[in-house]
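> Let me begin by handing over the structure; questions about it come next.
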Amino acid sequence: MDWEFQLLDWIQTLRNPALDGFFSNITHVGGVVWIVWALVLLCVPKTRKAGVILSFALLADLILCNGLLKPLVGRIRPYDVNDTIALIVAKEKDFSFPSGHTAICFAGTTAIYLAKQIKMGHIALGIAILVAISRMYLYMHYPTDVLGGMVVGVIAGFLGYTFSMEILRKVKVSKENK
């Protein structure tokens, strides 16, 4: 864990008002924005399938990350170990591993790519990477929390894709049999 604090503390040397503002704002994309994105995709007939895939990926992420792994691992956050860092965002109330903000972003990104929305996927990936960096910049997560969030997110994206494609296949078969 020493290398993780060394990296986090090095990142703290980069702090300045512009980055503080940027990362404080971008970190919030790892949340409600993905739900809104899924709803918008669901409302547009051309992207409805992508919206279904994204919705199931977000649900899989919620179950895996917040429902199972965070309580199971129970890792305390870096700011609770090193309380000398002045935080620029409010403390979180849950555990540290894996990074939920990172996980939801990578679940969404994976789902969007698997839905063959490549241009949207590129935008999502850029956002996901920035959110992942923000979680360390803001001293909310260890680097391994962020890496864990990436892995959990990709898995959730694949699970959401697989589950939604099976449901869509069954709906199609059901309609064809009527």
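The values are calculated or read from the model by the stated rules, or taken from the named source; none is laboratory data. Quick caveat: nothing in here was measured; it's all calculated off a predicted structure. Cβ atoms come from the backbone with ideal geometry, glycine included; neighbour counts cover every protein chain shown. Keep in mind that these areas ignore ligands, DNA and RNA; they rest on the heavy atoms of the full protein, side chains included. Shrake-Rupley method; radii C 1.70, N 1.55, O 1.52, S 1.80 Å.
> Do you know which residues across segment 13-31 are in contact with a Cys (Cβ under 9 Å, 6 or more places away or on another chain) and either open to solvent by 60 Å² or more (accessible area, probe 1.4 Å) or hydrophobic (A, V, I, L, M, F, W, C) (or both)?
VAL29
> If you don't mind, another one. So which helices (runs of 4 or more DSSP H) stay within segment 36-130 end to end and still have 1 or more residues that are of a type outside the set (Asp, Glu) and closer than 27 Å to PRO17 by Cα?
Answer list for segment 36-130: 78-81, 100-114.
> So TRP10 ticks every box in (1) closer than 23 Å to THR144 by Cα; (2) crowded, with 16+ Cβ neighbours inside 10 Å but one. Which box is left unticked?
(2)
> Go through (1) under 20 Å from HIS141 (Cα atoms); (2) open to solvent by less than 50 Å² (accessible area, probe 1.4 Å); (3) among the aromatic types (Phe, Trp, Tyr); (4) touching a helix residue (DSSP H, G or I) at 6+ places or on another chain (Cβ under 9 Å) one by one and return the number of the condition TRP34 breaks.
Here TRP34 meets the rest and fails (1).
> Just for segment 46-62: of the residues that are within 21 Å of THR27 (Cα to Cα) and open to solvent by 50 Å² or more (accessible area, probe 1.4 Å), which one is nearest to the chain's Cα centre (by Cα)? Can you show your working first?
First pass over segment 46-62, keeping only residues within 21 Å of THR27 (Cα to Cα): 54-55, 57-62.
Checking which are open to solvent by 50 Å² or more (accessible area, probe 1.4 Å) leaves us with 59, 62.
On the way: LEU59: 12, LEU62: 10 Å.
Taking the candidates together, the pick is LEU62.
> Does LEU125 meet the test of being under 10 Å from the mean Cα position of the chain (by Cα) and either open to solvent by 30 Å² or more (accessible area, probe 1.4 Å) or hydroxyl-bearing (Ser, Thr, Tyr) (or both)?
no
> Under 6 Å between Cβ atoms, at least 6 apart or on separate chains: pull out the pairs that start in segment 115-127 with a residue that is β-branched (Val, Ile, Thr) and end on any residue that is assigned to a helix (DSSP H, G or I).
Listed pairs, sorted by first residue: ILE127/VAL29.
> Could you list, in sequence order, all residues of segment 128-163 that are hydrophobic (A, V, I, L, M, F, W, C) and open to solvent by less than 70 Å² (accessible area, probe 1.4 Å)?
Within segment 128-163, ALA128, LEU130, VAL131, ALA132, MET136, LEU138, MET140, VAL146, MET150, VAL152, VAL154, ALA156 meet the criteria.
> List the pairs whose first member sits in segment 147-172 and is more than 13 Å from ALA57 (Cα to Cα), whose second member is open to solvent by 10 Å² or more (accessible area, probe 1.4 Å) and outside any helix (DSSP H, G or I), and whose Cβ atoms are under 8 Å apart, counting only residues at least 6 apart or on separate chains?
Correct list of pairs: GLY148/PHE97.
> State whether one or more residues within segment 37-45 are closer than 17 Å to ARG135 by Cα and either touching a residue at least 24 places away in the same chain (Cβ under 8 Å) or among the charged types (D, E, K, R) (or both).
no
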